[in-house]
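Each reported figure results from applying straightforward, stated rules to the coordinates on display, with no laboratory input. None of these values were measured; they are calculated from a predicted model. A quick note on method: Cβ atoms are made from the backbone with ideal geometry, for glycine too, and the neighbour counts reach across all protein chains shown.
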Amino acid sequence: MLLIASISGCDDSISSPSGGASGTPTQNDLTQGQQIGNAVSGNQSFDNASGGPGFGSPQDTSQFGAASFTSDSLAKIDTDGDPSEQWYDKTWNAQTSGQIDGQPVNSADYAYVVMSQGQMAASGAQIGDWALVTNNETGQSMWARVEDVGPPGGTGEISEACATGVGIQFQSNSNTIGNPSVTVQVY
Amino acid sequence: MRISLISVLTTAFISNFAWAESTLEPKQIPAPDGSYSLEISDAVRVVNSGGSPSLTLASNLEGVQRVDAKWSPDSRRVVVVIGYTRGSGVEAAYLDGSGWHKALQPDTDLPTDALARQAGVSGRLVSQSCSLADWLDSRRIRVTGELIFSGQKKVHYGYTLVFTGEPGHLDRGGFEEGVIKGVEYHVR
């Protein structure tokens with residue numbers, strides 16, 4: 001029964017981008033959806049979960065300084081943590097390295113990026129750190145969190161919510177439409 | 001028949017939706033001569049025989065599923081694999097005249113494309129894991145690993161991790177890069 005409910009809940013249509021901003025991001029441009037809690041990391045809970053997808057945006061970006069890690073590469077969609085993708089995406093995984101309230105971070109609901117263990121160690125980045133993701137074709141940007149750890153050398157891997165937020169279209173099998181590229185800056 | 005089918009489906013459902021609980025258990029791995037230990041708890045540290053920390057290799061283990069470590073026969077080096085659900089990394093600590101240092105094997109070491117070609121596999125790399133095998137001597141240890149590409153296509157590989165003895169450059173995370181290096185990568 002659960003299985004049937006899960007299958008019927010899936011949508012194999014192409015995701016449409018929503019929100020996003022063009023040009024050089026400003027603080028307002030970077031706020032996608034509604035803020036969901038503050039300084040979210042790992043197992044912290046959200047007290048005011050409502051509104052649009054994502055982790056919101058950092059309250060004070062002036063304290064970030066230079067990015068600890070930057071990559072510029074083809075975008076790849078990580079659907080991990082999104083139960084509805086289990087039957088469609090051959091790369092799907094139930095788990096994400098980061099958690100919210102002890103549960104995986106749902107790719108469809110939260111804007112997150114993926115780093116490798118080596119990238120995190122070399123840059124000093126940690127799960128929960130902020131990342132600015134920019135669509136190189138359109139200039140649309142949004143804030144995301146580092147919430148999953150992938151294989152060595154992987155770059156440009158972003159969640160469904162993040163892809164949508166920067167105007168990248170993708171299919172339910174996680175393939176992107178076209179060959180969009182993204183710049184990911186981790187702070 | 002119907003009951004067993006429901007049971008199988010329910011089991012599959014639950015196992016696929018199991019949350020990412022860390023399976024790490026605190027432990028200490030002593031060096032062969034007992035002078036130091038590798039402590040795995042809320043962090044990964046080299047501690048001396050009195051239990052005082054000498055070096056912290058990893059201070060945040062959130063999301064880490066597995067930590068493997070092996071000391072060199074001369075007790076001057078320890079290699080650590082830090083494993084997450086979809087990826088792992090190799091770090092090391094070594095002792096010289098000035099104390100303990102930490103080193104990192106850079107991602108660029110792993111010839112993913114070449115290994116995939118050699119194995120006749122293509123697709124998107126989904127996950128990677130590796131394990132420590134035996135020390136060949138006090139500067140070289142064998143490592144085995146697995147790459148999983150989309151469609152569950154797997155490539156098993158091996159290589160030798162070498163302490164080069166060359167000075168490394170310090171990265172932003174405080175690791176010396178270039179001190180450990182993978183050589184003789186091959187498909188198993």
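How much of the pair distance distribution for region B:129-188 lies past 15 Å, counting alpha-carbon pairs only, in percent?
Of all Cα-Cα pairs in region B:129-188, 58 percent lie more than 15 Å apart.
Please arrange A:Ser123, A:Ser97, A:Ser174 by how many other C-beta atoms lie within 10 Å of their C-beta, fewest to most.
The most exposed by this proxy come first: A:Ser123, A:Ser174, A:Ser97.
Give me the percent relative contact order of region B:34-138, please, defined on Cα pairs under 8 angstrom at least 6 residues apart.
After rounding, I find 20 percent.
Can you sort A:Glu147, A:Glu160 from fewest to most other Cβ atoms within 10 Å of each residue's own Cβ?
A:Glu160, A:Glu147
So what's the projected area for region A:63-187, the Cα convex hull averaged over all directions, in nm²?
Spelled out: convex hull of the Cα atoms, projected over all directions, averaged, 7.2 nm².
Extending each Cα 7 Å along its Cβ direction at B:Gln28 and B:Thr108, get the distance between those two points in nm, one decimal.
Distance between label points: 4.0 nm.
Among B:Arg77, B:Arg124, B:Arg86, which one shows the highest mean-square fluctuation when chain B is modelled as a Gaussian network with alpha-carbon springs under 10 Å?
Highest fluctuation of the listed residues: B:Arg124.
Would you list A:Asp78, B:Asp109, B:Asp68 from fewest to most Cβ contacts within 10 Å?
Result, fewest neighbours first: B:Asp68, B:Asp109, A:Asp78.
Run the dipole for region A:47-156 about the Cα centre, Lys and Arg Cβ at +1, Asp and Glu Cβ at -1, nothing else charged, and hand back the magnitude in debye, nearest 20.
Charge dipole, region A:47-156, about its Cα centre: 240 debye, nearest 20.
Among B:Val162, B:Asn48, B:Leu110, whose Cα sits farthest toward the positive end of the charge dipole of region B:23-187 (+1 at Cβ of Lys/Arg, -1 at Cβ of Asp/Glu, about the Cα centre)?
Value: B:Leu110.
Using Cα pairs closer than 8 Å and at least 6 residues apart in sequence, work out the relative contact order for chain B, in percent.
Once divided by the residue count of chain B, the mean separation gives 14 percent.
In the P(r) worked out for region B:23-187, what percent of Cα pairs fall beyond 22 Å?
Result for the distance tail: 43 percent.
With runs of 4+ DSSP H residues as the only contributors, calculate the mean residue ellipticity of chain B at 222 nm using -39,500 (n - 2.57) per run, divided by the residue total and rounded to the nearest 500.
Rounded to the nearest 500, it is -4000 deg cm²/dmol.
Distance cut-off 23 Å, Cα to Cα: go down the list B:Lys27/B:Lys153; A:Lys90/B:Lys70; B:Lys70/B:Lys154; B:Lys70/B:Lys102; B:Lys153/B:Lys181; B:Lys102/B:Lys153 and report the pairs above it.
Distance filter (> 23 Å) returns B:Lys27/B:Lys153; A:Lys90/B:Lys70; B:Lys70/B:Lys154; B:Lys153/B:Lys181; B:Lys102/B:Lys153.
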